[in-house]
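Reading through the structure tokens given below for one structure.
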Amino acid sequence: MRVIGLMSGTSYDAIEAAAADLTLDGDTLRLRPLGHLSVPYPDALSTLIATALPPAATTAQAICALDTGIGQSFAGAAERALHELCGDTADLVVSHGQTLYHWVDDGTVHGTLQLGQPAWIAQRTGLPVVSDLRAKDVAAGGQGAPLVSLTDTLLLRALPGTPAALNLGGIANITVVAPGTEPLAFDAGPANALLDAAVRHFTGGAAPYDKDGRRAAAGRTHPGLLRRLLSDPYYRRPAPKSTGKEHFHLPYLQQAWEATPGLGADDVLATLTRLTAVVVADACRAHRVTELVVSGGGTRNPTLMRMLAGELPDVPLRPSDDLGLPSEAKEALAFTILGFLTFHGLPGTLPSSTGARHATLLGSITPGHRPLRLPEPAPRPPSMLRITM
């Protein structure tokens with residue numbers, strides 16, 4: 001089955017599209033990547049997303065405009081993927097959409113909102129679309145995140161020791177697969193979320209992020225600000241747990257650095273980069289991780305990667321590319337897997353990773369141009385993922 005996966009993370013800088021051929025062979029899910037591409041949001045839409053994200057107030061009109069605009073942008077990305085990656089032949093599109101709000105109260109997730117009306121994708125491509133993948137897990141008592149944990153688990157099971165997968169997007173999420181125990185996954189804390197917010201603030205919006213970590217490299221970690229940031233109770237919550245920009249946003253950060261006067265911008269960025277490295281390293285030590293497989297936009301920040309390696313001197317770090325999953329496309333490819341499982345009547349979550357009461361079938365399906373026909377449900381879920389070329 002040929003599937004297109006669409007993903008836009010908490011950094012909301014672009015839509016990542018990936019395509020893959022997937023086959024279920026007994027207990028093994030075989031995935032052959034067909035390529036990936038990145039489609040930036042139009043400037044006006046990106047600005048509208050930024051002005052609607054918490055802690056900002058918004059309106060029903062803005063939400064409607066976002067749902068339409070994001071849906072149309074995702075449709076354009078899907079159409080490009082269909083032409084450029086799939087030779088105009090595919091069976092399914094899976095759309096994560098754009099998270100606008102992840103409603104967490106005292107560690108419990110009450111709801112989650114991803115925008116991007118799938119009807120635009122189905123209309124543009126003619127293909128059925130699986131979307132709204134997080135809500136079912138939340139309804140079953142789960143965190144609804146990180147949904148990439150199933151893909152991580154299937155991939156890491158072939159590795160020795162206690163491997164973990166780390167994705168460095170707006171938020172840093174980790175999946176740990178220890179022998180003899182159920183897999184565990186959780187959001188460790190901010191990765192690019194606070195860094196990007198600080199860069200936009202210090203540059204008046206002229207720069208969206210710290211390119212190559214240069215400004216952080218030019219600054220010095222401020223111990224007082226780092227201690228203040230690390231005192232956040234979130235880090236002491238047990239897993240499974242999830243978070244987002246509802247918690248880690250610019251006013252949150254301003255409150256911390258205003259209590260530490262006299263800091264230069266580069267020192268703030270150095271401290272925020274160190275924060276991510278420390279919270280990830282603390283999580284890895286707590287779970288006795290022996291190897292870390294890293295993906296996401298944060299891998300392009302050499303300062304962050306250098307700090308992370310320094311915090312974990314005895315833990316080898318390697319990109320997910322080494323295992324066959326391109327770092328920049330891993331999440332989009334993970335959603336091709338989740339959509340494939342949904343289409344074949346198989347659950348896409350692990351209760352130990354999201355905290356749900358049971359594993360759930362994920363998402364809603366929007367028909368394409370033809371009547372919707374689902375295959376016979378597969379007899380059992382896969383236990384292993386094999387990447388083929």
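Within the stretch 148-207, the set of residues being under 26 Å from PHE248 (Cβ atoms) and more than 18 Å from the chain's Cα centre (by Cα) comprises ALA198, VAL199, ARG200, HIS201, PHE202, THR203, GLY204, GLY205, ALA206, ALA207.
Identify the residue in the stretch 127-170 that is among the hydrophobic types (A, V, I, L, M, F, W, C) and part of a strand (DSSP E or B) and, among all such residues, is nearest to HIS83 (Cα to Cα). Step through it out loud before you land on a result.
Of the stretch 127-170, the ones among the hydrophobic types (A, V, I, L, M, F, W, C) are 127, 129-130, 133, 135, 138-140, 145, 147-148, 150, 154-156, 158-159, 164-166, 168.
Going one step further and asking which of them are part of a strand (DSSP E or B), we end up with 129-130, 164-166, 168.
On the way: VAL129: 17, VAL130: 19, ALA164: 35, ALA165: 31, LEU166: 31, LEU168: 29 Å.
If we take residues in the stretch 127-170 being among the hydrophobic types (A, V, I, L, M, F, W, C) and part of a strand (DSSP E or B), then VAL129 is nearest to HIS83 (Cα to Cα).
Note on the stretch 55-97: residues that are farther than 21 Å from ALA44 by Cα and either touching a Cys at 6+ places or on another chain (Cβ under 8 Å) or small (Gly, Ala, Ser) (or both) total 4.
Looking at this structure, is ARG274 more than 23 Å from GLY296 (Cα to Cα), among the charged types (D, E, K, R) and modelled with pLDDT of 95 or more? Spell out how you get there, then give the answer.
Working: more than 23 Å from GLY296 (Cα to Cα): no; among the charged types (D, E, K, R): yes; modelled with pLDDT of 95 or more: yes.
For ARG274, the condition - more than 23 Å from GLY296 (Cα to Cα), among the charged types (D, E, K, R) and modelled with pLDDT of 95 or more - is not met.
Taking (1) within 29 Å of ASP88 (Cβ to Cβ); (2) exposed (fewer than 15 other Cβ atoms within 10 Å of the Cβ) in turn, ALA60 satisfies each apart from (1).
When the stretch 88-107 is filtered for residues that are more than 30 Å from PRO371 (Cβ to Cβ) and part of a strand (DSSP E or B), the ones remaining, listed by number, are THR99, LEU100, TYR101, HIS102, TRP103, VAL104, ASP105.
Residues that are part of a loop (DSSP other than H, G, I, E, B), open to solvent by 30 Å² or more (accessible area, probe 1.4 Å), in contact with a strand residue (DSSP E or B) (Cβ under 7 Å, 6 or more places away or on another chain) and not charged (D, E, K, R) within the stretch 226-270 comprise ALA239, PRO240, listed in sequence order. Being closer than 27 Å to ARG30 by Cβ and out of contact with any helix residue (DSSP H, G or I) (no Cβ under 8 Å at 6 or more places or on another chain) holds for only one residue in GLY363, GLY324, and it is GLY324. All conditions but one from (1) buried (at least 24 other Cβ atoms within 10 Å of the Cβ); (2) in contact with a Ser or Thr (Cβ under 8 Å, 6 or more places away or on another chain); (3) not in a helix (DSSP H, G or I) apply to GLN114; the one that does not is (1).
Does the stretch 299-311 contain at least one residue that is within 27 Å of ASP13 (Cβ to Cβ), surrounded by 20 or more Cβ atoms within 10 Å (Cβ to Cβ) and among the basic types (Lys, Arg)? Looking through the stretch 299-311, none of the residues is within 27 Å of ASP13 (Cβ to Cβ), surrounded by 20 or more Cβ atoms within 10 Å (Cβ to Cβ) and among the basic types (Lys, Arg). In this structure, ARG80 does not satisfy being open to solvent by 20 Å² or more (accessible area, probe 1.4 Å) and within 15 Å of VAL3 (Cβ to Cβ).
Highlighted here are the helices (runs of 4 or more DSSP H) found entirely within the stretch 276-375 that include at least 2 residues which are of a type in the set (A, V, I, L, M): 302-311, 330-343. Restricting to the stretch 161-199, what's the tally of residues that are within 22 Å of GLY355 (Cα to Cα) and among the aliphatic types (A, V, I, L, M)? Within the stretch 161-199, residues that are within 22 Å of GLY355 (Cα to Cα) and among the aliphatic types (A, V, I, L, M) number 13. Scanning the stretch 278-293 for residues that are touching a helix residue (DSSP H, G or I) at 6+ places or on another chain (Cβ under 7 Å) and either surrounded by fewer than 24 Cβ atoms within 10 Å (Cβ to Cβ) or of a type in the set (Asp, Glu) (or both) returns VAL278, VAL279, ALA281, LEU292.
Every listed requirement among (1) open to solvent by 10 Å² or more (accessible area, probe 1.4 Å); (2) farther than 22 Å from PRO179 by Cα; (3) not acidic (Asp, Glu) is met by VAL315 save one, (2). The sole residue among LEU166, LEU150, LEU133, LEU156 that is open to solvent by 10 Å² or more (accessible area, probe 1.4 Å), aliphatic (A, V, I, L, M) and at pLDDT 95 or above is LEU150.
So, in the stretch 80-98, how many residues would count as being of a type in the set (D, E, K, R) and either within 11 Å of ALA18 (Cβ to Cβ) or within 22 Å of the chain's Cα centre (by Cα) (or both)? First the steps, then the outcome.
Of all residues in the stretch 80-98, those of a type in the set (D, E, K, R) come to 80, 84, 88, 91.
Those left that are additionally either within 11 Å of ALA18 (Cβ to Cβ) or within 22 Å of the chain's Cα centre (by Cα) (or both): 80.
Result for the stretch 80-98: 1.
On inspection, LEU338 does not qualify as hydrophobic (A, V, I, L, M, F, W, C) and farther than 24 Å from THR388 by Cα. Taking the listed residues LEU24, LEU66, the one that is of a type outside the set (Phe, Trp, Tyr), touching a residue at least 12 places away in the same chain (Cβ under 8 Å) and either farther than 30 Å from MET389 by Cα or surrounded by 24 or more Cβ atoms within 10 Å (Cβ to Cβ) (or both) is LEU66, with no other qualifying. Only a single criterion out of (1) open to solvent by 10 Å² or more (accessible area, probe 1.4 Å); (2) in a loop (DSSP other than H, G, I, E, B) is not satisfied by ASN173, namely (2).
The values are calculated or read from the model by the stated rules, or taken from the named source; none is laboratory data. The shown structure was predicted, so the numbers you read here are calculated from the model rather than taken from an experiment. All Cβ positions, glycine included, derive from the backbone under ideal geometry; neighbour counts span all protein chains shown. Ligands, DNA and RNA are stripped out before the accessible areas are found, and what is left, the full protein with its side chains, is counted by its heavy atoms. Shrake-Rupley method; radii C 1.70, N 1.55, O 1.52, S 1.80 Å.
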